[in-house]
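Have a look at the structure below, then the notes.
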Amino acid sequence: MQGQAPPRERWSREFPRWFDWVLEEAGIYDYGRYPVKGMGVWMPYGFQIRRRVVELIRSVLDSTGHEEVLFPLLIPEHLLRRESEHIRGFEGEVYWVTHGGREPLDVKLALRPTSETSISYMESFWIKSYRDLPRKFYQIVSIFRYETKATRPLIRLREVTTFKEAHTVHESFEDADRQVGEAIELYKRIFDELGIPYVISRRPEWDKFAGAVYTVAFDLVMPDGRTLQIGTAHHLGQNFTIPFEVRIQLRDESLDYAWQTSYGLSDRVIASLIAVHGDDRGPVIPPNVAPIQVVIVPIPAKTEEERRLVEEALERVKSELERAGLRYHVDSREDVRPGRKFYEWEAKGVPLRLELGPRDARQGTVVAARRDTGEKKTLPIEGLGEEARRLLEEIRANLRRRAWQWLRSMVHRAESVEEAKRLLEEKRGIVELPWCGREECGLRLEEQVDAGVLGSPLEPPEWVRGKRCPVCGRPAVTSIRVAKKY
Ligand code: P5A
Ligand code: ZN
């Protein structure tokens with residue numbers, strides 16, 4: 001029996017409301033009720049998803065020579081101010097601790113908005129020679145930013161609770177450059193594991209990280225067609241090692257300042273996996289991070305003998321799933337009707353549901369319903385563990401495929417400003433145009449299309465060859481991406 005794929009009307013048309021509803025309905029993140037703006041509570045179910053995402057990030061970093069550390073939350077004012085571009089960028093977003101009890105503090109302390117300054121400060125003691133390099137540190141911590149744009153749960157927080165920041169040190173510009181390349185590869189791996197599609201852009205000069213030489217960013221198109229920056233990697237040059245005096249002895253025995261990179265991910269990774277795999281019924285949590293991979297809903301039996309049959313079949317189903325190492329839950333609530341249960345587990349995004357009624361029990365089968373496609377089929381209990389594993393793998397692949405398809409359908413090309421404007425209004429998503437590469441034209445374009453610039457692909461694309469910049473008419477050297485941004 002083939003089910004219709006669940007509709008995605010509400011998901012795309014009312015995305016912000018859909019998202020708030022999902023976080024609450026699924027018990028992921030309680031945002032509205034906590035009495036500090038921009039801060040919410042990870043609920044048990046959400047926390048489990050978060051934990052698995054964090055484990056994935058950790059395992060990718062640990063297996064590639066990154067060392068986990070933990071720095072203090074507080075940064076003294078003079079450290080935060082030491083790199084001028086950096087503080088200029090963050091000045092308006094810093095929370096300050098000014099008192100200890102009733103005493104005003106001698107030195108104001110910042111709640112870290114990011115940790116380049118405190119980490120560079122300590123690196124100046126730890127790193128003395130090229131022999132110590134490369135070093136790759138990371139931590140997964142809360143950071144605080146007094147965001148002034150509209151705050152949103154998991155998307156624009158004032159306490160970012162799942163900030164994974166990596167900080168690396170190198171002996172040359174080129175090594176740091178290569179490290180940015182590695183960061184991009186690692187982030188691809190992480191996003192691919194979660195089935196999150198992305199567009200990678202080199203951010204324009206006017207939108208790079210405060211204190212960076214250049215910034216590469218991953219963007220996702222959200223269901224409503226607006227883009228979300230879901231990760232960034234920065235070449236920091238010697239911008240922090242000079243003021244913090246991270247000086248090293250080079251191979252030729254001379255002394256020079258070291259080179260750095262930093263790269264970060266946040267709660268937005270979790271927001272994106274919830275957003276991108278959703279439909280009108282709620283999210284579909286990818287099986288590899290789903291707290292519950294399989295939910296079993298026993299269908300009420302009428303007679304004692306049917307009840308016993310279902311009980312017995314249930315034991316067999318459970319041992320099948322256990323043997324296959326799957327995370328399952330039996331919803332045996334007696335006061336809730338099956339229809340209501342289906343609705344609730346769909347809203348939690350459990351990827352696979354097994355229904356087990358008297359008739360199935362008698363036949364030694366269960367009815368399996370896929371959350372991603374809504375498809376239902378009858379499966380023998382014998383060998384169910386393996387079959388469920390296979391189905392979950394298929395669901396994962398399907399989610400990823402569907403998400404990529406959707407992202408691709410949201411990237412458009414235009415050769416004139418008017419066309420770009422029209423596409424942004426009618427189709428939303430990302431519009432790519434030929435570009436002369438000059439800042440002046442990029443900024444004019446932002447104004448003319450009333451959208452933000454994401455930047456350019458890392459390599460100039462083939463299709464712009466022979467084309468002209470729609471703003472100034474000069475030959476295009478690359479393309480530029482514009483989008484309505486979150
Ligand atoms: C890289 C890690 C940095 O802070 N320092 C350490 C560098 N880069 S960043 O671009 O400013 O932030 C990294 C990623 O964090 C996400 N992010 C946020 N997520 C939720 N709420 C926020 N207020 C917020 N601000 C930034 C973005 O995905 C960004 O790419
Ligand atoms: Zn131009």
Q.
Quick check on region 404-425: of everything there that is more than 30 Å from Leu194 (Cα to Cα) and aliphatic (A, V, I, L, M), which residue is surrounded by the fewest Cβ atoms within 10 Å (Cβ to Cβ)?
A. Val417
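Starting from residues that are of a type in the set (D, E, K, R) and under 23 Å from Met222 (Cα atoms), keep the ones in region 135-166 and report whichever is nearest to ligand 2 (Cβ to nearest atom).
Only one residue tops the list, namely Lys149.
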Q) Does Asp177 qualify as being more than 18 Å from the chain's Cα centre (by Cα), surrounded by fewer than 19 Cβ atoms within 10 Å (Cβ to Cβ), at pLDDT 95 or above and not hydroxyl-bearing (Ser, Thr, Tyr)? A) yes
(Q) I'd like to check something: does region 385-399 contain any residue that is farther than 29 Å from Trp11 by Cβ and loosely packed, with under 15 Cβ neighbours inside 10 Å? (A) yes
Q: Scan the strands (runs of 3 or more DSSP E) fully inside region 416-486 and keep the ones with 2 or more residues being away from ligand 1 (no atom under 16 Å from the Cβ).
A: 430-435, 478-483
Q | Complete set of residues in region 344-369 that are within 33 Å of the chain's Cα centre (by Cα), without any contact (Cβ under 8 Å) to a residue 60 or more places away in the chain and assigned to a strand (DSSP E or B) | A | Arg353, Glu355, Ala368
Q: Return the residue satisfying two criteria in turn: it lies in region 229-265 and is under 12 Å from Phe173 (Cβ atoms) and among the hydroxyl-bearing types (Ser, Thr, Tyr), and of such residues it is farthest from the chain's Cα centre (by Cα).
A: Tyr257
**Q.** Search result, residues across region 91-130 that are out of contact with any strand residue (DSSP E or B) (no Cβ under 7 Å at 6 or more places or on another chain), more than 18 Å from Gly237 (Cβ to Cβ) and either in contact (Cβ under 8 Å) with a residue 24 or more places away in the chain or crowded, with 19+ Cβ neighbours inside 10 Å (or both)
**A.** Gly92, Glu93, Met122
Q. Do any strands (runs of 3 or more DSSP E) entirely within region 22-115 hold 1 or more residues that are under 29 Å from Tyr214 (Cβ atoms) and among the β-branched types (Val, Ile, Thr), and if so, which?
A. 74-76
**Q.** Scan of region 220-229 for residues that are surrounded by fewer than 24 Cβ atoms within 10 Å (Cβ to Cβ) and within 12 Å of ligand 1 (Cβ to nearest atom), ordered by number
**A.** Leu228, Gln229
Q | Members of region 202-218 that are under 16 Å from the mean Cα position of the chain (by Cα) and more than 9 Å from ligand 1 (Cβ to nearest atom) | A | Val216
Q | Residue satisfying condition, being in contact (Cβ under 8 Å) with a residue 40 or more places away in the chain, of a type in the set (Lys, Arg) and out of contact with any strand residue (DSSP E or B) (no Cβ under 6 Å at 6 or more places or on another chain), within set Arg396, Arg413 | A | Arg396
Q) For region 455-465, how many residues meet the condition of being away from ligand 2 (no atom under 15 Å from the Cβ) and without any contact (Cβ under 8 Å) to a residue 40 or more places away in the chain? A) 4
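Assess whether Glu440 counts as being within 14 Å of ligand 2 (Cβ to nearest atom) and either over 28 Å from the mean Cα position of the chain (by Cα) or free of Cβ contacts under 8 Å to residues at least 40 places away in the same chain (or both).
yes
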(Q) Need pairs with beta-carbon distance below 7 Å; first residue assigned to a helix (DSSP H, G or I) and within region 254-283, second among the small types (Gly, Ala, Ser) and away from ligand 1 (no atom under 14 Å from the Cβ); sequence gap 6+ or separate chains. (A) Val276/Ala403
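The values are calculated or read from the model by the stated rules, or taken from the named source; none is laboratory data. If you're wondering where the values come from, they're calculated on a predicted model, not measured in any experiment. Note: ideal-geometry Cβ built from the backbone for every residue, glycine included; neighbour counts use all protein chains shown.
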